[in-house]
Amino acid sequence: MQTSTTAAADSTKMEGLWSSWKCQAMELLYWRDLKQTGLMFSSILLLLFSLTQFSVVSVIAYLALAALSATISFRVYKSVLQAVQKTDEGHPFKSYLEVEISLSHDQMQRYAENAQYYMNSTLKELRRLFLVQDLVDSLKFAVLMWLLTYVGALFNGLTLLIMGETSSPNTDFNSPQPFFSVFTPLCSRGVNVLYACEKIPGAKRKAE
């Protein structure tokens with residue numbers, strides 16, 4: 001009984017943390033705090049540009065070294081300061097070390113079930129499209145892949161991430177996004193092809 005109560009409390013706590021993180025993400029995404037959002041997006045841009053110049057392993061290694069250099073230096077500085085002032089404040093990262101970050105069995109099971117659901121749904125949808133269960137949907141999927149060949153010829157994945165990150169929405173929702181104007185001709189062409197697909201004889205959906 002006590003175990004189930006503890007698990008329920010942990011689940012409620014994690015859901016509260018997830019809701020808080022979601023609100024913070026929305027605050028950052030819509031530039032409610034310019035200083036905090038600017039710092040975060042600048043860090044992401046720096047990471048993406050680093051990935052265009054170095055391998056993923058090198059970037060991860062340099063980031064880990066930078067983080068370790070900062071934390072070790074701060075730990076040594078606080079230890080020397082405590083020795084000089086003859087104080088006993090304890091570990092400088094004690095509050096962070098005491099934060100519970102482990103997931104309970106129920107939470108892991110719930111996340112695994114969600115992942116399994118999305119994976120099964122994706123596999124079923126791909127099977128339906130590739131085996132042409134519905135001709136119209138398969139043709140639309142083919143047109144989408146055809147449009148993506150143009151996108152892949154113009155940009156690589158990192159370039160798309162950088163452009164998407166710099167074109168993130170801000171507080172002015174009416175401001176134009178020049179990044180998306182690049183794909184306007186491709187989208188118009190794709191819509192025309194999709195409209196033509198609807199007129200193919202025998203491509204209409206069967207009434208259920």
### Query
What ranking of D134, D106 comes out by heavy-atom accessible area, probe 1.4 Å, highest first?
D106, D134
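What is the dipole size for region 108-156, taken about its Cα centre, with +1 at each Lys and Arg Cβ and -1 at each Asp and Glu Cβ, in debye to the nearest 20?
I would put it at about 60 debye.
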### Message
Starting from 0.36 nm per residue, how many nanometres of slack lie between L34 and F155 once their C-alpha separation is accounted for?
### Response
40.7 nm
#### Entry: 18 Å cut-off, amide nitrogen to a point 7 angstrom out along Y62 Cα→Cβ, residues in region 134-159
158-159
### Message
To the nearest 20 Debye, how big is the dipole of region 47-177 about its Cα centre, given +1 on the beta carbon of each Lys and Arg and -1 on that of each Asp and Glu?
### Response
280 debye
### Solvent-accessible ranking of W21, W146, W31, largest area first, probe 1.4 Å
W21, W146, W31
### Task
Please list E125, E100 in order of solvent-accessible area, largest first, computed with a 1.4 Å probe with all protein chains present.
E100, E125
### Query
So which chymotrypsin sites (Phe, Trp or Tyr not before Pro) in region 81-141 pass both tests, a DSSP loop state and at most 15 other Cβ atoms within 10 Å of the Cβ?
F93
### Query
T37 accessible area, nearest 10 Å², 1.4 Å probe?
0 Å²
### Message
Run the simple label-point estimate for A70 and V99 please: 7 Å along Cα→C-beta, distance reported in nm.
### Response
1.3 nm
### Message
Need the full-extension length gain, R128 to T87, defined as separation in residues times 0.36 nm minus the C-alpha distance. One decimal, nm.
### Response
7.9 nm
### Query
Around F130, what is the net charge, scoring Lys/Arg as +1 and Asp/Glu as -1 over all other residues with Cβ under 12 Å from its Cβ?
0
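The values are calculated or read from the model by the stated rules, or taken from the named source; none is laboratory data. Given the structure is predicted, the values throughout are model-derived calculations rather than measurements. No Cβ is skipped: glycine too gets one built from the backbone with ideal geometry, and neighbour counts run over all protein chains shown. All accessible areas refer to the heavy atoms of the entire protein, side chains included, with ligands and DNA or RNA removed. Shrake-Rupley method; radii C 1.70, N 1.55, O 1.52, S 1.80 Å.
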